[in-house]
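Student: Provided herewith is a single structure, encoded as C-alpha cells, for subsequent inquiry.
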Amino acid sequence: MEVGRTVLKNCKQCNKVFAHPTRHLCEDCYKEAQAQFERVREYLEENRGATVAEVAEETDTDVEVIYEYIKEGRLTVVPKDAELRCQICGTKIASGRVCAVCRAELSDDPRIPPSQQGDKDTRMRYLDAIRRKRR
Ligand SMILES: [Zn+2]
Ligand SMILES: [Zn+2]
C-alpha cells in the first residue's frame, strides 16, 4: 500500500472513482452495505431459527451476500440452515472460520510470528499459501 499518497480506485459496487486506503466501496455504497448488514443482523436476532431464504426475502438481501456475512463470521446469529465450512479444507464446522485440525496446524507453524496473527491480511495470505500447498 502506498503511504502518504491518495489511492484512487473504482467502487466494486457502482464503479465510481473514490479515494480510501482500505475500502473497496465508495462512501455511498459503503453506507448502504453497512445498513444492509444491520438489517440482516437485526432480523436474525429477532427471528432466531430463520432460514437463509427467509432472511434474504425479509431483508431484501441476496443469498450470496448473506453467505458472505456468515463466512466472514460477522453474524452472531446465523440462519438455521446455513452451513459453516472450514475455509481451508471445507469440513463442516459449528462456528468460526477454520476447523480444529486446520487451526492447530495454523498455530503450530513458526512462519507467522504471534504478533501478526491478529492481522487479517497476513492471515488471509497465509490461508492462501496453505491452500496452494495442499493442491
Ligand atoms: Zn459505489
Ligand atoms: Zn479444516
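Any read-out appearing in this document is the output of simple, stated calculations on the displayed coordinates, not a laboratory observation. Every value quoted in this text rests on a predicted model; they were computed, and no experiment measured them. Glycine gets a Cβ as well: all are built from the backbone with ideal geometry, and neighbour counts include every protein chain shown.
Student: Could you compute the net charge surrounding Glu83? Neighbours are other residues with a C-beta less than 11 Å from the C-beta of Glu83; K and R count +1, D and E count -1. Let's see the in-between values first.
Tutor: Numbers: positive: Lys71, Lys80, Arg85, Lys92; negative: Asp81.
So the environment of Glu83 carries a net charge of +3.
Student: Right, here's the next one. How big is the Rg/Rh ratio for the range 24-77, C-alpha atoms only, Rh by Kirkwood, two decimals?
Tutor: Numbers: Rg = 10.8 Å, Rh = 11.3 Å.
When Rh is taken as the Kirkwood radius, the ratio is 0.96.
Student: Here's another thing I want to ask about it. Using the basic label-point model (7 angstrom from Cα toward the beta carbon), what is the Ala53 to Lys9 distance in nanometres?
Tutor: According to this spin-label approximation, the distance is 3.6 nm.
Student: By count of other Cβ within 10 Å, fewest leading, how are Lys80, Lys9 ordered?
Tutor: Numbers: Lys80 12, Lys9 15.
Least to most surrounded, the residues fall as Lys80, Lys9.
Student: Of the listed pairs Lys31/Lys71; Lys9/Lys71; Lys12/Lys71; Lys31/Lys92, which have alpha-carbon separations greater than 30 Å here?
Tutor: The answer is Lys31/Lys92.
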